[in-house]
Amino acid sequence: MGKRRKPSPPSRARMAVLTTAMAAGGAVLASGTAHAEPTPNLATVKEQVDQLNEDAEQAIEKYNGFQARQQKLQGEANQIQEKVVRGQEAMNELRTRLGAVAADQYRTNGIDPSVQLMLDSDPAAYLERASVQNQVSDSQASLLKQAQDEQRKLDQDRAEATATLAALDSVGTQLAEQKKDIQTKLSQAQEMLNKLSAEDRAKINAQQNAEKAKAEAQQAAAAAAKDRASRSSDRPDMNAPVPSASGRAGAIIAFAQAQLGKPYGWGKSGPASFDCSGLTSQAYRAAGVTISRTSEEQWKDGPHVDRANLQPGDLVFFYDDLHHVGLYIGDGKMIHAPRTGKNIEVLPISVMPYKGAVRPA
């Protein structure tokens, strides 16, 4: 019986082939696992998308604040720059008058040292030196004092203009950063929706279309009710979607009512689209009342009102950081601009975390 031969160890070349094959198999498995990622759950995605939209609305109100600040600073900068121009013109006029004095003296006996000092680039330095040297007449002193005052105001205006323009640049940078933040959040929300199956996307689209149709129906019914009321002295139709109101509240609600069905537009205050505080500020403007642009500032625009004492036209606020505001219309309801992708609508105030109400004076 012959000896059994021990199996020879695999060659290096064979080991390399086996290793490569195993690595390839692992890659296939890993790839298979990656492609086995489950389709996102509709409810989970909707919750995450809603949160991203909520975060975006918070950023939008900050954006509105920066935008309002930018507009205010731009107006101030324009006014200050106009003052600088007027001040420089006044200084040029005074220097022309001083030059006339110098020319007159040159034609006679040459320029007097005091006038030479008057033409100095620094009127304050001239007055100090001239008073010591007793080289200035009363009329010359008056002219130089005027030049000194004008130069001081001009320097102050230039310094103020420089500071205001620097602040304007800073706010512009913040505005751009906030805009980028908003666009990022909205893009993330859209990316999540794109991961849904075709069937789930169809469900969300159907829901949004139904909400749009409802808002448009509210707008049409409100317009019809308003038309009937204008052609009749009878009691207004109590089936109208918006309770009746008179006076200032009536004007506020009538404006908001006319916007029903229009799309939400971040940073917009009409006429084609509105964000939440854009709608409320324009509704009050339609009634002849000016309130702040952002929801956070509108919270400070009047006395606070208990929920039990709400009246049509009151501003109603939601969330602890006050990033959402609507217009109370009575019967526990409000008109508001909800968020990106939705339309202005009537909604119960109980559907969001209620914070409080304000009745601007």
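The values are calculated or read from the model by the stated rules, or taken from the named source; none is laboratory data. In this text, all values refer to a predicted model and were calculated from it rather than measured experimentally. Note that each Cβ is placed from the backbone with ideal geometry, even for glycine, and that neighbours are counted across all protein chains shown. Areas reflect the complete protein model, heavy atoms only, side chains present, ligands, DNA and RNA absent. Shrake-Rupley method; radii C 1.70, N 1.55, O 1.52, S 1.80 Å.
Restricting attention to region 282-304, which residues are closer than 24 Å to residue 260 by Cβ and of a type in the set (A, V, I, L, M, F, W, C)? Residues satisfying the conditions are 283, 286, 287, 289, 291.
Which ones in region 197-213 are at pLDDT below 75 and surrounded by 13 or more Cβ atoms within 10 Å (Cβ to Cβ)? Within region 197-213, 208, 211, 212 meet the criteria. Counting only strands (runs of 3 or more DSSP E) wholly contained in region 266-361, the ones carrying 1 or more residues that are within 20 Å of residue 69 (Cα to Cα) and under 20 Å from the mean Cα position of the chain (by Cα) occupy 324-330.
Out of 49, 28, report the one residue that is over 30 Å from residue 164 (Cα atoms), modelled with pLDDT of 55 or more and not charged (D, E, K, R). Before the answer, list the steps.
Details: 28 fails: modelled with pLDDT of 55 or more.
Step by step, each of 49, 28 is checked, and only 49 is over 30 Å from residue 164 (Cα atoms), modelled with pLDDT of 55 or more and not charged (D, E, K, R).
Among residues belonging to region 141-193 that are among the β-branched types (Val, Ile, Thr) and out of contact with any helix residue (DSSP H, G or I) (no Cβ under 7 Å at 6 or more places or on another chain), point out the one that is farthest from residue 70 (Cα to Cα). Result: 184.
Here residue 43 passes the criteria (1) farther than 29 Å from residue 158 by Cβ; (2) modelled with pLDDT of 80 or more; (3) surrounded by fewer than 18 Cβ atoms within 10 Å (Cβ to Cβ); (4) among the small types (Gly, Ala, Ser) except the one numbered (2).
Going by the structure shown, is residue 153 modelled with pLDDT of 65 or more, within 30 Å of residue 47 (Cα to Cα) and open to solvent by 70 Å² or more (accessible area, probe 1.4 Å)? Let's see the steps before the verdict.
Values: modelled with pLDDT of 65 or more: yes; within 30 Å of residue 47 (Cα to Cα): no; open to solvent by 70 Å² or more (accessible area, probe 1.4 Å): yes.
It is false that residue 153 is modelled with pLDDT of 65 or more, within 30 Å of residue 47 (Cα to Cα) and open to solvent by 70 Å² or more (accessible area, probe 1.4 Å).
Can you say whether residue 147 is within 26 Å of residue 90 (Cα to Cα), surrounded by 17 or more Cβ atoms within 10 Å (Cβ to Cβ) and modelled with pLDDT of 90 or more, as far as the supplied structure shows? Don't jump to the end; show me each part of the working.
Working: within 26 Å of residue 90 (Cα to Cα): yes; surrounded by 17 or more Cβ atoms within 10 Å (Cβ to Cβ): yes; modelled with pLDDT of 90 or more: no.
Here the answer is no, as residue 147 does not meet what is asked.
Within region 302-341, being of a type in the set (Asp, Glu), touching a strand residue (DSSP E or B) at 6+ places or on another chain (Cβ under 8 Å) and either under 28 Å from residue 209 (Cβ atoms) or surrounded by 13 or more Cβ atoms within 10 Å (Cβ to Cβ) (or both) holds for one residue alone: 314. Candidates are the residues of region 274-283 that are open to solvent by less than 30 Å² (accessible area, probe 1.4 Å) and in contact (Cβ under 8 Å) with a residue 24 or more places away in the chain; the one that is farthest from residue 56 (Cα to Cα) is 283.
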